[in-house]
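**Q** Sharing a structure here in structure tokens format.
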Amino acid sequence: MSPDGADRPETVLVASADAPRDARILLQGTSVPRFGDGGAPFGAIRELRQAPDGAEPRHSDEFAGRFAPDDDVRFGDGLVIKIRHYGVADFEPFDGPTALVIHDDDDFSAYLRDADRAWHSGSFANYVTHPQAVIANLSALGGSEEYAGPNHRLYLDDDGIVRTSPAGRGLGLPEEGLPTIDARWQRHNAGSSWPDACSLDDALPDADRTAALWERPWMRRYVSVLRATRQARLQERIPSRISGFGGRLSPGLADTDVLDSTDAPVIAQFGATFRALDPHCEAWVEIDSDQVRALEMLLVGIAATEIPQVAAVLQRLMAHGVARSWCLAMRGTRVPARS
């Protein structure tokens, strides 16, 4: 659903100017905004926002190129986004915005290897948190599914087939309407044991995807840590260690069978200093080693009532907008166990 409540997706991507005309109705029935006069040598990304007085929704710059591995997408304002296989990220210079896509089994295997290495050793691949890189379709790779699905984004290919991503399952034709396409998406997801079963369906067998994610119950936390770490790197701060990945930061504090919540603060060490990073937004706060220990004691499952300083450190995080919901939940509670 669009932000104004209308029955249409927030973002629609058309593969190219060669997309058939019926793909241009944007799933809006009879009262659809047009893509334009046609014939332009560009596709178009449109963020559908209802303009005042029923005027035409606003849209972003047109673009040339294709959202396929090893291609570049060039926008009208000069921005260039490189589309690259995740599996070759080690060889990319990242001298400009780059989308790393899971396009086949090799890409998925590389993604899992990087996640496993980070979890067991605490060593994160440079590109997974690089400020110039994004990993596409994270909702199907252990990330949040909050913005997945036809109500948030659609991709219309050259054959006029509706998908949620270029590597996604075909969900139907535009003239079938968004409610029908969304119901189809919901049905496919209901048949999968892990969210967002449609975004990578043309790239991976869903059974392989779900089996790999179930073997790694910490994957959701990994994805939230990637986001927080990338945000820190945008501020030119590169963490040397992340709590929970390769162990805890506090000396003598052994890890347990407790799984860190995706909403928990990301405790990161930057040289001799520490920060608590919000896993969902840009907020952060500097903390000292005693506060790190108090938070890590919570993370490993020790009750808040047994931890000195815990009330003060939770209040400090909340005052700076860091992991507010988690802080509230941790007052006198325990965190869930790892699988």
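**Q** Rounded to whole Hz and in sequence order, give me ³J(HN,Hα) for the range 189-194 from the Karplus expression 6.51 cos²θ - 1.76 cosθ + 1.60, θ = phi - 60°, writing x for Gly and Pro.
**A** Karplus values, whole Hz, x for Gly and Pro: 5, 5, x, 10, 8, 9.
**Q** In terms of modelled amide H atoms, which long-range or inter-chain residues lie less than 5 Å from the amide H of Phe270?
**A** HN-HN under 5 Å from Phe270: Ser240, Arg275.
**Q** Points 7 angstrom from Cα along the Cβ direction at His120 and Val80: gap in nanometres?
**A** Taking the simple label geometry, His120 and Val80 are separated by 3.9 nm.
**Q** Sticking with this structure for a sec: Between Cys281 and Ala311, what is the spin-label point distance in nm, taking each point 7 Å from the Cα along the Cα→C-beta axis?
**A** Output for this residue pair reads 2.6 nm.
**Q** Moving on. For the range 196-292, report the accessible area per residue in Å² (1.4 Å probe, heavy atoms, rounded to an integer). Present the calculation step by step, with values, prior to reporting the outcome.
**A** Details: 3900 Å² over 97 residues.
For the range 196-292, the solvent-accessible area averages 40 Å² per residue.
**Q** Residue by residue, what Karplus-based ³J(HN,Hα) values in Hz, rounded to whole numbers, does the range 118-128 have, using 6.51, -1.76 and 1.60 with θ = phi - 60° and x for Gly and Pro?
**A** Each residue of the range 118-128 in turn: 5, 5, 7, 10, x, 9, 9, 4, 3, 6, 6 Hz.
**Q** Using θ = phi - 60° and the Karplus form 6.51 cos²θ - 1.76 cosθ + 1.60, what ³J(HN,Hα) does each residue of the range 241-255 get, whole Hz, x for Gly and Pro?
**A** 8, 10, 4, x, 10, x, x, 9, 7, 7, x, x, 9, 6, 6
**Q** Mind computing the radius of gyration and Dmax over the alpha-carbon atoms of the range 52-163? Å is fine for both.
**A** 16.4, 56
**Q** Using a 1.4 angstrom probe on heavy atoms only, work out the carbon and sulfur share of the accessible area of the range 198-339 in %. Can you show the working numbers first?
**A** Working: 3230 of 6190 Å².
The computed percentage sits at 52.
**Q** Based only on Cα atoms, what mean projected area does the convex hull of the range 183-339 have, in nm²?
**A** Details: hull surface 42.8 nm².
If I average the Cα hull's projected area over directions, I get 10.7 nm².
**Q** Find, among the chymotrypsin sites (Phe, Trp or Tyr not before Pro) in the range 89-194, those assigned to loop by DSSP (not H, G, I, E, B) with at most 14 other beta-carbon atoms within 10 angstrom.
**A** Details: sites: Phe91, Phe94, Phe108, Tyr111, Trp119, Phe124, Tyr127, Tyr147, Tyr155, Trp185; in loops: Phe94, Phe124, Tyr147.
For chymotrypsin sites (Phe, Trp or Tyr not before Pro) across the range 89-194 that sit outside H, G, I, E and B with at most 14 neighbouring Cβ atoms in 10 Å, the list reads Tyr147.
The values are calculated or read from the model by the stated rules, or taken from the named source; none is laboratory data. Bear in mind that the values here come from a model prediction, so they are computed numbers and not experimental data. For neighbour counting, all protein chains shown are included, and Cβ atoms are generated from backbone atoms with ideal geometry for every residue, glycine included. In case anyone asks, the SASA skips ligands and DNA or RNA and just uses the protein heavy atoms, side chains included. Shrake-Rupley method; radii C 1.70, N 1.55, O 1.52, S 1.80 Å.
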